[in-house]
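Chemist: I'd like to ask some things about the structure below.
The values are calculated or read from the model by the stated rules, or taken from the named source; none is laboratory data. The shown structure was predicted, so the numbers you read here are calculated from the model rather than taken from an experiment. Reconstructed Cβ throughout: ideal geometry from the backbone, glycine too, with neighbour counts over all protein chains shown.
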Amino acid sequence: MNMKQTALSLTLIAAMFLPALSRAETTISLGGTAWYVWWKPAWSDNRWQGYYLWNDSAGYWNEDAKDFGLSSNIMAGPIISIGFLDRWSISSVAVLGTMSHKASGVGFGTDVISRTAGATHKDYSRRVLKWDSDTTVGCAVHKYVKLYAGFKAQGYRYQETIHYYDFTAFPDISIDHSEGTNNVNCYGPGLGISGSIPLVENLYMVIGLSGVVLWCTERGNTALSRTYGLESSGFVFTCFYMPRGKFLSYGGTAALSLAYTIARINTTFSLGGRYQLLYNRQKRGNMVHSDVTMNIIDGQYDHFAGITLSVLYTFHIGKREQS
């Protein structure tokens, strides 16, 4: 999974600097972080499209449904940082957590092929496993200022259940149920700057700003054994097709925290906040030339903010170079 890819990225970067690491004193920091995050995904604006087979008819359906609300929970994971040659460092942080998004209400849609319109009342439930990781190489350009560049990997997998009443052929009302999964993986480079401001002895304010560009892929599947419909004429066969999708996300992150070091145990505690804003671009041509799997997120923002708590233990290996 992506945690393994993050670890591999850190190992490859470290290997590039191995000759330098073997000649000089190296500072290693190990620890963990926990975030309490609030997430409003780009698909909170619940617009979607889908290809379906309904008994002997097929269609391409577009719908604007009841929006999803904000979700929150804890995400946590490890931190590792390797400092060398006084000013250089390699760092990696990865977090994992679960979210739950629900929506219920009326949606309005159109079948593009048959040119019919209708309304539905749906209950949506999405159980999300979300991950986020950053691997960076940093260089201190001043005692209190560091520039860094790196690689970001983030994404999520959700299991979705939809139960709805379809009024498209009113007064004939159909009752439908579908279940499926959706997988999104995003990768890309980032650049950033961080600064630390000493307040009192061993207490610092740390400020960070960064920008990132992510290329994302999306793949959805419907569980046919748990997808069905019922109308006045009886049980009906329902099948949904979700093509592979892709989109581009770009934006930035701002972070502010207070860091306190207890020198006698070589441990630093950090408490602060973090906010990430991403804007999404997705090609929507027509039913043939489209990069949409199901969720239409073109022009939508992804908001990811939270409170962070981190603990790092630091130790040294190797010898200092003699001048």
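Chemist: Is it true that some residue in the stretch 20-32 is under 21 Å from the mean Cα position of the chain (by Cα), farther than 26 Å from Gly272 by Cβ, at pLDDT below 95 and of a type in the set (A, V, I, L, M)?
Modeler: Checked the stretch 20-32: no residue is under 21 Å from the mean Cα position of the chain (by Cα), farther than 26 Å from Gly272 by Cβ, at pLDDT below 95 and of a type in the set (A, V, I, L, M).
Chemist: Let me spell it out: the conditions are (1) in contact with a Leu (Cβ under 7 Å, 6 or more places away or on another chain); (2) modelled with pLDDT of 90 or more, and Val206 meets all of them except one. Which number is the exception?
Modeler: Every listed condition holds for Val206 apart from (1).
Chemist: Being closer than 11 Å to Asn62 by Cβ and either surrounded by 16 or more Cβ atoms within 10 Å (Cβ to Cβ) or within 26 Å of the chain's Cα centre (by Cα) (or both) is the filter here, so list the residues in the stretch 99-121 that pass it.
Modeler: Passing the criteria: Gly107, Gly109, Thr110, Asp111.
Chemist: Something else: Being in a strand (DSSP E or B), without any contact (Cβ under 8 Å) to a residue 40 or more places away in the chain and more than 23 Å from Gly251 (Cα to Cα) is true for just one of Lys122, Lys102. Which residue is that?
Modeler: Lys102
Chemist: Let me ask something else about it. For the stretch 273-289, enumerate the residues that are touching a residue at least 40 places away in the same chain (Cβ under 8 Å) and farther than 25 Å from Ile74 by Cα.
Modeler: Passing the criteria: only Met287.
Chemist: Sticking with this structure for a sec: So if I check each of Leu271, Leu258, Leu277, which one is surrounded by fewer than 15 Cβ atoms within 10 Å (Cβ to Cβ), at pLDDT 95 or above, under 26 Å from the mean Cα position of the chain (by Cα) and closer than 30 Å to Asn62 by Cα?
Modeler: Leu277
Chemist: Can you tell me which condition Tyr36 does not meet? The list is (1) at pLDDT 90 or above; (2) touching a Lys or Arg at 6+ places or on another chain (Cβ under 8 Å); (3) surrounded by fewer than 19 Cβ atoms within 10 Å (Cβ to Cβ), and all the others hold.
Modeler: With (1) at pLDDT 90 or above; (2) touching a Lys or Arg at 6+ places or on another chain (Cβ under 8 Å); (3) surrounded by fewer than 19 Cβ atoms within 10 Å (Cβ to Cβ) applied to Tyr36, the lone miss is (2).
Chemist: Which one of Val200, Val184 is over 27 Å from Pro41 (Cβ atoms) and either at pLDDT below 95 or surrounded by 15 or more Cβ atoms within 10 Å (Cβ to Cβ) (or both)?
Modeler: Result: Val200 is the single residue among Val200, Val184 that is over 27 Å from Pro41 (Cβ atoms) and either at pLDDT below 95 or surrounded by 15 or more Cβ atoms within 10 Å (Cβ to Cβ) (or both).
Chemist: Can you pull out every residue in the stretch 75-87 that is surrounded by fewer than 19 Cβ atoms within 10 Å (Cβ to Cβ) and more than 26 Å from the chain's Cα centre (by Cα)?
Modeler: Leu85, Asp86, Arg87
Results for (1) touching a helix residue (DSSP H, G or I) at 6+ places or on another chain (Cβ under 7 Å); (2) assigned to a strand (DSSP E or B); (3) farther than 30 Å from Arg264 by Cβ; (4) basic (Lys, Arg), shown as yes or no for each residue.
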position: Ser133; (1), (2), (3), (4): yes, yes, yes, no
position: Leu147; (1), (2), (3), (4): no, yes, yes, no
position: Gly150; (1), (2), (3), (4): no, yes, yes, no
position: Phe170; (1), (2), (3), (4): no, no, yes, no
position: Ser178; (1), (2), (3), (4): no, yes, yes, no
position: Asn183; (1), (2), (3), (4): no, yes, yes, no
position: Tyr187; (1), (2), (3), (4): no, yes, yes, no
position: Ile197; (1), (2), (3), (4): no, yes, no, no
